[in-house]
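Novice: One structure, pasted below without further comment.
FYI, it's all coordinate maths here, none of it is from the lab. Since this is a predicted model, take the numbers as computed values, not measurements. Using ideal geometry, Cβ is built from the backbone for each residue, glycine included, and neighbour counts are taken over all protein chains shown.
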Amino acid sequence: MRCETNAIDECMDEESENGGCHQVCVNTPGSHHCECSDGYRLISGSESQCEDIDECALQGCAPGSLARDCRGVNVTVSEEGDSEINRCEHLCTNFEGTFQCSCDPGFSLKGVDAYSCHDLNECMDEGVWGDPCIEIPHSKCDNLFGSVRCLCDPGYEASDAGGEVLLVVRDGDVIGQNGTNCSEINEPGQGQP
């Protein structure tokens, strides 16, 4: 005697609409179960409803107004035994089903690595603002970690305060200035008979 079975695909059943699953229905012999898409997990106590995973919070990043601050967090985390989640180096913004890392001004995400930040060399015209010293005669650009400064050439000084540092620029904004140009240093007794 042979039993004939009519296998029912609960995921395709028109009455239950996707097997009652919020996102993904997985048909199994004689039953089915629900799963969630990447970036989501089943709501605690539910077998069918999914919720967004806040990957930025999982990374231990502190809440912020627009993005979570990940600086100073030295933790690699995993979600319930899943593979490790890479941690954003500077900032993390959670989106529905995903997240995105970003960097502080003066830094940029490293090539294919979407997590780590590297210092932009504005003196080499990297970044949005480029070399702020290019149009200041007798000055040269000096890249700093996260910013840039204009230094007066030897024999010249900042027009207002003296010294070699004329201005410091971060993210296109002047954050320190000792004048508007580099003036030639007049040595005592120079130019007198």
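Novice: Restrict the search to the stretch 92-157; then list the chymotrypsin sites (Phe, Trp or Tyr not before Pro) that DSSP places in a loop and that have at most 13 other Cβ atoms within 10 Å of their Cβ.
Specialist: Passing both the DSSP loop test and the Cβ count: PHE145.
Novice: Counting Lys and Arg as +1 and Asp and Glu as -1, each charge on the Cβ, what is the dipole of the stretch 11-57 about the Cα centre in debye, to the nearest 20?
Specialist: That gives a dipole near 160 debye.
Novice: Relative to a virtual label point 7 Å from the Cα of VAL26 in the Cα→beta-carbon direction, which members of the stretch 47-67 show backbone nitrogen distances below 11 Å?
Specialist: Under cut-off, by backbone N: nothing.
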